[in-house]
1. State whether one or more residues within the range 576-592 are farther than 21 Å from LEU250 by Cβ and in contact with a helix residue (DSSP H, G or I) (Cβ under 8 Å, 6 or more places away or on another chain).
2. Any residue that is of a type in the set (Ser, Thr, Tyr) and surrounded by 13 or more Cβ atoms within 10 Å (Cβ to Cβ) - is there at least one of those in the range 547-555?
3. Would you tally the residues in the range 500-541 being assigned to a loop (DSSP other than H, G, I, E, B) and of a type in the set (A, V, I, L, M)?
4. Go through the range 459-501 and count every residue that is surrounded by 18 or more Cβ atoms within 10 Å (Cβ to Cβ) and farther than 19 Å from LEU522 by Cα.
5. Taking the range 140-155 only, how many residues are polar (S, T, N, Q) and either in a helix (DSSP H, G or I) or farther than 19 Å from VAL85 by Cβ (or both)?
6. Kindly evaluate LEU215 against the criterion of being of a type in the set (A, V, I, L, M, F, W, C), out of contact with any strand residue (DSSP E or B) (no Cβ under 7 Å at 6 or more places or on another chain) and farther than 30 Å from ARG565 by Cα.
7. Can you tell me which residue in the range 393-441 is modelled with the lowest pLDDT, limited to those that are among the hydrophobic types (A, V, I, L, M, F, W, C) and either in a loop (DSSP other than H, G, I, E, B) or loosely packed, with under 13 Cβ neighbours inside 10 Å (or both)?
8. Please verify whether ASN286 is within 27 Å of ARG351 (Cα to Cα) and in contact (Cβ under 8 Å) with a residue 60 or more places away in the chain, treating the condition exactly as stated.
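The values are calculated or read from the model by the stated rules, or taken from the named source; none is laboratory data. Because the structure is predicted, anything quoted here is derived from the model rather than measured. Don't worry about glycine lacking a Cβ; one is built from the backbone with ideal geometry, like all the others, and counts go over all protein chains shown.
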Amino acid sequence: MHVKVTFPDGTVNEYESGITVHTIAEMISKRLSEEAVCAKVDENLVDMDFKIEKDCKLKILKFSDEEGKHVFWHSATHLMAHAIVRLFPTALLTIGPTVDDGFYYDIDKSSPFTPDDIPLIEAEMSRIAKEDYKVKRIELSKEKAKELFKDNSYKIELIEEFGEDGLSAYQQGDFIDLCRGPHAPSTGFIKAFKIMKFAAAYWRADQSKQQLQRLYGIAFPSKKELDAFVKLKEEAEKRDHRKLGKELELFMMHEFSPGSPFFLPNGTIIYNELVRFIREQYFKRNYLEIITPTIFDKALWEASGHWSHYKENMFLTTVDNREFSMKPMNCPGAALVFKSRTRSYKDLPLRFADFGFLHRNELSGVLGGLMRVRRFEQDDSHTYCTMEQVESEIINLLDFVKFVFKDTFNFNYSVELSTRPEKYLGEIENWDKAEEMLKNALAKNNIAYKLKPGDGAFYGPKIDFHVKDAIGRSWQLATVQLDFNQGERFDLHYEGSDGKQHRPIVIHKAILGSLQRFIGVLIEHFEGKFPLWLAPEQVRVLTVADRFNTGAQKFADELKKNNIRAGTDFNQETIPKKVRDAQLAKVPLIIIIGEKEESSSTVSVRTLDGKVQFGVKVEDFIATALDKINKREI
């Protein structure tokens, strides 16, 4: 009996029924068979020794594939767990999933792990890898699984919860762990790994339950890749916005309002400059800014669909015996403004922008500086337009994104198109139409994109933009979402040229996205060395002796009159010390005034990269600085 196997490129081959994925990989190429981590048969991830017994689609996955990478990392999780139980036989394993950049395992151990334990565990992992145990899948009944893990209450709890539909475990040597798989073929497949850190955790993230110890790790097919990752992590730690935010006095957090940043004076300058920049574009691109309330009656959220689709992420309260919520999104408020009076087709497209305060009830465990917060603002807008205007509006937004990311910040970015999710509002025909419009707009702009099936918002498909920072990390920032549902849910109308009532199409847009998150990205991207237009302190004026302070102060005052943010340092310190202090504060332009400068009405200019220019005329310096600021040069 033969089976037909369809590959991702559309090729169809016939094989004997029962052939393993590994054998097929060997038939394709020796290198593929050596690099293959696992495979995808139809929509299911499987081990390489999986037998194909019916016609199917097959994709063989390597570490370079996202799904292959996570299977590789989960195999490394088992490698680490195997080493831990060898070294600490009484330790109880709980769960060990993968995360965005590696894996972790939560361990119940009577005494805490110490830094001295890490090299011991890594050494044991190396021994197990060299022993190259074949990794085998074991199918288990609920009863068999309970017998196998009878001494581990955590595994028993999982078995009770998930055991009705059958369970599986994976064995390597004498180590067996409950797992749905799949896994890399053998322990020797994991060539390079490192335990990155350890931290406290709670069983199932519940603070009322047992406190555990979480070990984080990373693994790669080669030491070269591991070394590159470790170097990147070290660079990322240097750029950590939480560390730099404290050093540069940009923002602070407080336990009295978890997940809600306080912008300090320096950070507030950056925040306001970004808002000013976007507002200038709004004026040029014919947006109308509105200000809407922060708290709304439950009835609004029921109308918008948030109450049934998003309630768990909302902050709820009671006012006058009515249920209210802090707004997690601006769109329902914009809908009320649109509906506040009669609209005509001549009014459209109508672009409402709103920097309103948003609140989302994020879990405390995912909060992280400015990157994940509970209170934030977005450069949100909602465009109300006719069906005929949709494509041109999307094209205009694609240009807006390019202007902000590429032309202003010199960011490279990639694009994703996300389609209808499993839980969605509205009619499938409208979804299909909306998805086609987004595809056409991208095609007309020659923009390559990655398709993300099922990842759209519950009210419409969307285009997401992922920005690459200075060290190659990707951040999802901008989004453009097409909504065929808001008009119907809020009963919105405009009078068409035919005198009849029509529903508007709504386009949701955020380019910077959360201003808090965008500022966090900028801090790390620029390593705190902001371009002149964004720097909280743009110029610092230093003097070589007290007798030059008066003239230097006049110069600083002149800068301020020209709206250049200038500070002074007239302390009793040496010039090298003053320069060093300005450099630590990341001030872009450092001015030094001494005898020569005062007598010639010039200044010496030092930049953060160490370049020095002597004898610069005061008026020339001001003109050049203002030109760079006004052009928002990076």
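1. First pass over the range 576-592, keeping only residues farther than 21 Å from LEU250 by Cβ: 576-579, 591-592.
Pick out the ones that are also in contact with a helix residue (DSSP H, G or I) (Cβ under 8 Å, 6 or more places away or on another chain) and you get 591-592.
Looking for residues that are farther than 21 Å from LEU250 by Cβ and in contact with a helix residue (DSSP H, G or I) (Cβ under 8 Å, 6 or more places away or on another chain), one finds at least one in the range 576-592, hence yes.
2. If we filter the range 547-555 for residues that are of a type in the set (Ser, Thr, Tyr), which is where we start, we get 550.
Within this subset, residues satisfying the condition of being surrounded by 13 or more Cβ atoms within 10 Å (Cβ to Cβ) are none.
No; the residues of the range 547-555 include none that is of a type in the set (Ser, Thr, Tyr) and surrounded by 13 or more Cβ atoms within 10 Å (Cβ to Cβ).
3. Going residue by residue through the range 500-541, those that are assigned to a loop (DSSP other than H, G, I, E, B) are 500, 503-504, 527-538.
From what's left, of a type in the set (A, V, I, L, M): 532, 534-535.
Count: 3.
4. Going through the range 459-501 one residue at a time, the tally reaches 16.
5. Within the range 140-155, the first condition is being polar (S, T, N, Q), and the residues that meet it are 141, 152-153.
Subsequent filtering for residues that are either in a helix (DSSP H, G or I) or farther than 19 Å from VAL85 by Cβ (or both) retains 141, 153.
Residues flagged as polar (S, T, N, Q) and either in a helix (DSSP H, G or I) or farther than 19 Å from VAL85 by Cβ (or both) within the range 140-155 amount to 2.
6. Spelling it out, it is not the case that LEU215 is of a type in the set (A, V, I, L, M, F, W, C), out of contact with any strand residue (DSSP E or B) (no Cβ under 7 Å at 6 or more places or on another chain) and farther than 30 Å from ARG565 by Cα.
7. First, pick out the residues of the range 393-441 that are among the hydrophobic types (A, V, I, L, M, F, W, C): 394-395, 397-398, 400-401, 403-405, 409, 411, 415, 417, 425, 428, 431, 434, 437-438, 441.
Now drop any that are not either in a loop (DSSP other than H, G, I, E, B) or loosely packed, with under 13 Cβ neighbours inside 10 Å (or both), which leaves 409, 411, 425, 428.
Numbers: PHE409: 97, PHE411: 96, LEU425: 79, ILE428: 89.
Once the filter is applied, the top-ranked residue is LEU425.
8. Details: within 27 Å of ARG351 (Cα to Cα): yes; in contact (Cβ under 8 Å) with a residue 60 or more places away in the chain: yes.
Considered against the rule, which asks whether it is within 27 Å of ARG351 (Cα to Cα) and in contact (Cβ under 8 Å) with a residue 60 or more places away in the chain, ASN286 comes out as yes.
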